[in-house]
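Working notes, beginning with the structure itself.
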Amino acid sequence: MPKHVFKTEVSQLLHLIIHSLYSNKEIFLRELISNSSDALDKLKFLSITDKKFQKIDFQPKIDISFSEDNNTLTISDNGIGMDKADLKDNLGTIARSGTKGFIDKLTGDTKKDSNLIGQFGVGFYSCFMVADKVEVFSKKAGESNGHKWKSDGKTGFTILSSDIDNHGTSIILYLNDEGKEFANKWRIDSIIKKYSNHVSFPIFLHYTEKNTDENKQEVVEDKCDQMNEASAFWKKSKSSLKKKNYIEFYKTLTNDSSDPILYIHTQAEGTLDYTTLFYIPSKAPFDIFQSDYKPGVKLYVKRVFITDDDKDLMPTYLRFIKGVIDTEDLPLNISREILQQNHILSKIKKNSVKKILSEFKKLSKDKVKYSIFFNEYGKLIKEGIYQDFENREDLLELVRYKSTNSDGLISFNEYVDNMNKDQKIIYYITGTNEKTLRSSPLTEVYRKKNIEVLILDNDIDEIVISSIPKYKDYELKSVNKSDVNDDLDNVDSKKEEKFKPLTDRIKNVLKDRVKEVNLSSRLMDSPSCIVVDQNDPTIQMQEIMKRMGNMDAMPEVKPILEINPNHKIISKMDKMGKTKKFKDICYLLFEQALLVEGIDLSDPAEFVSKLNTALEKSL
Ligand code: ADP
């Protein structure tokens, strides 16, 4: 018998699944039922849309039977089935490219998190937690030959031809000592109710019942009960559903064991006839920032499953939403290409986004809940501000930032409410380190004037905020930029004139290292600071872009040095001649300004040496 060996990743994964996720081994049944349900969905779709499959007599269902005496459990479906190549490819390799990362993550803190199974498409293997031998009998719909796949889950698997009457798949688990408990009617019943109640196909449990007849003789009766509700949950009337029902459905839909933060159920009738049910998970799926993330929304047409792999059903920034879109207005045999430009679907999407954002806004009234939400999804809301021009106003109401005047996060609206009477501008500072930003000399004057400054320390903040021209009537201004001095009415033109020779001399020393040297009106206690030209990216931003390898397209931008005319160092410098000491102080002023902004010096040793010389002279 030719034996196929598992790919290395599979053996590693099997080992991990069996040992790490052991505490919750009952989920194997959920995984197998969910595979059967997918297989039924696929065939149902083909039987409606593809002539070749229309002849098939098809009553989709899942059957479960067990034997307490033999310790076996069998899960069967009459779905699409698998041919030899499918068996080899699907049950011998792991489909998604994130698998390696998944294995690595599993060895960390997430070891016991059974939620991750399923999320990463390793569901089938979970049956080896409870069985030491598994046989899969399968025949693909429309084909004449069936096959039997067999494995001990350790070394590899074999595939042989097998006579199978009907299309579909039967999986027989030979339960081990740990798995014996699952060959039991009550146990199976409770697992199905817990995880698979809303699978849209009937799940039948076959069992025997011992009774005594009227002659007091024991008779064994074969019985079969449907164990689940098997209805399209989202089509039930909203008034008949309770929070508890929504949460239960969420869990069967996503395999997430925590409650969602929010659910949004919409049943629209009229020009467009559709139902949507969306959920916000309490935790973002952990592939959310990978480009091959799995979309969370499934598309149904007239209750028939169409796809769960269409990233266009939601805008990318809402990729954390889980749920269902079901519409009466599309033909079932709609092709993928058509889906993408379909105007009905784009209308549904548009309405859904509006609805979702308005629910976020409602959620934001509850500060505690919203901060949990924003902590998890804030970065995605910011992505939205950048991507979704149409809904920008609403997204601007949803974003939150740190600020110099508060410990928590605040909204633009709150900022505006806190503004001084004659303030017309919203000020913000960008960078990568909150502590550095809070103590930056760039904010000195604002502190003095009691003007609040938003602190933007997330790596995408600068790109996002520079795409926003205004919030309501208020202009937004970065305090890292040069032109901000203009509106503080601090500028004293007489002083500027007086210090012009000094700024020129400093520029002469620093040469190309700075774009300009200017007199500052924002500094109070510090002698100097670094800003950039109004239209240039900040130095921190340039560093981020460098790290991302994005600098080629952009010429290097130089900072502007600002000096504080009211500082003793500056007034003393003004009286100094063109000595080496003067030059050294120019460098020290420039480099200390870089340092307080958290920017690395190109030659720290040189800086220290100049500093030591200065110290020595002052002693
Ligand atoms: P996932 O279901 O997340 O893709 P699994 O390891 O559970 O991962 O299953 C791997 C693949 O095996 C499935 O994607 C499917 O193609 C195939 N498969 C599993 N169970 C069945 C079944 N009952 N009928 C048909 N195909 C199946």
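A quick yes/no check of all residues on (1) at pLDDT below 85; (2) at positive phi; (3) under 41 Å from the mean Cα position of the chain (by Cα); (4) β-branched (Val, Ile, Thr):
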| position | (1), (2), (3), (4) |
| --- | --- |
| Tyr471 | no, no, yes, no |
| Asn480 | no, no, yes, no |
| Leu502 | no, no, no, no |
| Arg505 | no, no, no, no |
| Ser526 | no, no, no, no |
| Val531 | no, no, yes, yes |
| Asn535 | yes, no, yes, no |
| Glu543 | yes, no, yes, no |
* Structure fact -> Exception for Ala230 within (1) at pLDDT 90 or above; (2) surrounded by 13 or more Cβ atoms within 10 Å (Cβ to Cβ); (3) under 26 Å from Gly79 (Cα atoms) falls at (1)
* Structure fact -> Quick count over the range 420-437, residues being crowded, with 16+ Cβ neighbours inside 10 Å and not β-branched (Val, Ile, Thr), is 5
* Structure fact -> Going through (1) assigned to a loop (DSSP other than H, G, I, E, B); (2) at pLDDT 95 or above one by one, Gln267 fails only at (1)
* Look at the range 42-63 and say how many of its residues are within 29 Å of Trp186 (Cα to Cα) and within 13 Å of the ligand (Cβ to nearest atom). => 4
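Counting just the residues of the range 182-197 that are more than 37 Å from the chain's Cα centre (by Cα) and part of a helix (DSSP H, G or I), which one comes out surrounded by the most Cβ atoms within 10 Å (Cβ to Cβ)? Reasoning before the result, please.
Taking the range 182-197 as the starting set, the residues that turn out to be more than 37 Å from the chain's Cα centre (by Cα) are 183-186.
Keeping just the survivors that are part of a helix (DSSP H, G or I) gives 185-186.
Numbers: Lys185: 18, Trp186: 7.
Looking at residues that are more than 37 Å from the chain's Cα centre (by Cα) and part of a helix (DSSP H, G or I), I get Lys185.
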* To do: Kindly indicate which of Val368, Val399, Val416 is over 17 Å from the mean Cα position of the chain (by Cα) and closer than 25 Å to Ser282 by Cβ.
  => Val368
* **Output for the range 293-334, where each listed residue is within 24 Å of Gly270 (Cβ to Cβ), out of contact with any helix residue (DSSP H, G or I) (no Cβ under 8 Å at 6 or more places or on another chain) and surrounded by fewer than 17 Cβ atoms within 10 Å (Cβ to Cβ)** => Lys302, Glu328, Pro331
* To do: Just give me the residues in the range 158-184 being free of Cβ contacts under 8 Å to residues at least 60 places away in the same chain and in contact with a Phe, Trp or Tyr (Cβ under 7 Å, 6 or more places away or on another chain), in sequence order.
  => Ser162, Ile164
* Asked: In this structure, does Ser258 turn out to be outside any helix (DSSP H, G or I), in contact with a Lys or Arg (Cβ under 8 Å, 6 or more places away or on another chain), exposed (fewer than 14 other Cβ atoms within 10 Å of the Cβ) and touching a residue at least 24 places away in the same chain (Cβ under 8 Å)?
  -> yes
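Would you pick out the residues in the range 144-200 that are among the hydroxyl-bearing types (Ser, Thr, Tyr), more than 16 Å from the ligand (Cβ to nearest atom) and at pLDDT 95 or above?
The initial filter retains those residues of the range 144-200 that are among the hydroxyl-bearing types (Ser, Thr, Tyr), namely 144, 151, 155, 158, 161-162, 169-170, 174, 190, 195-196, 200.
Within this subset, residues satisfying the condition of being more than 16 Å from the ligand (Cβ to nearest atom) are 144, 155, 158, 161, 174, 190.
Passing the criteria: Ser161, Tyr174.
Which of the helices (runs of 4 or more DSSP H) contained wholly in the range 369-449 include at least 2 residues that are at pLDDT 95 or above? Show your work before the answer.
Working: elements: 392-398, 412-418, 434-438, 444-448.
Answer list for the range 369-449: 392-398, 412-418.
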* Asked: Scanning the range 121-141 for residues that are in a strand (DSSP E or B) and either among the hydroxyl-bearing types (Ser, Thr, Tyr) or in contact with a Cys (Cβ under 6 Å, 6 or more places away or on another chain) (or both), which turns out nearest to the ligand (Cβ to nearest atom)?
  -> Ser138
* Asked: Across the range 64-91, what is the total count of residues that are farther than 18 Å from Ser161 by Cβ and more than 11 Å from the ligand (Cβ to nearest atom)?
  -> 11
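Would you mind finding the one in Lys369, Lys448, Lys365, Lys402 that is in contact with a strand residue (DSSP E or B) (Cβ under 9 Å, 6 or more places away or on another chain) and surrounded by fewer than 17 Cβ atoms within 10 Å (Cβ to Cβ)? Talk me through it step by step, then tell me what you get.
Numbers: Lys448 fails: in contact with a strand residue (DSSP E or B) (Cβ under 9 Å, 6 or more places away or on another chain); Lys365 fails: in contact with a strand residue (DSSP E or B) (Cβ under 9 Å, 6 or more places away or on another chain); Lys402 fails: surrounded by fewer than 17 Cβ atoms within 10 Å (Cβ to Cβ).
Every option except Lys369 fails the conditions.
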* Subset of the range 602-619 that is more than 51 Å from the chain's Cα centre (by Cα) and among the small types (Gly, Ala, Ser) - its residue that is nearest to Thr579 (Cα to Cα) -> Ala614
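Among the residues of the range 346-362, how many are crowded, with 18+ Cβ neighbours inside 10 Å and either without any contact (Cβ under 8 Å) to a residue 12 or more places away in the chain or not aromatic (Phe, Trp, Tyr) (or both)? Reasoning before the result, please.
Residues of the range 346-362 crowded, with 18+ Cβ neighbours inside 10 Å: 348-349, 352-353, 356-357, 360.
Still in the running and either without any contact (Cβ under 8 Å) to a residue 12 or more places away in the chain or not aromatic (Phe, Trp, Tyr) (or both): 348-349, 352-353, 356-357.
Going through the range 346-362 one residue at a time, the tally reaches 6.
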* To do: Evaluate the following for Thr327: is it touching a strand residue (DSSP E or B) at 6+ places or on another chain (Cβ under 6 Å) and polar (S, T, N, Q)?
  => yes
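The values are calculated or read from the model by the stated rules, or taken from the named source; none is laboratory data. Every value quoted in this text rests on a predicted model; they were computed, and no experiment measured them. Cβ sites come from the backbone with ideal geometry, for glycine too, and all protein chains shown count toward neighbours.
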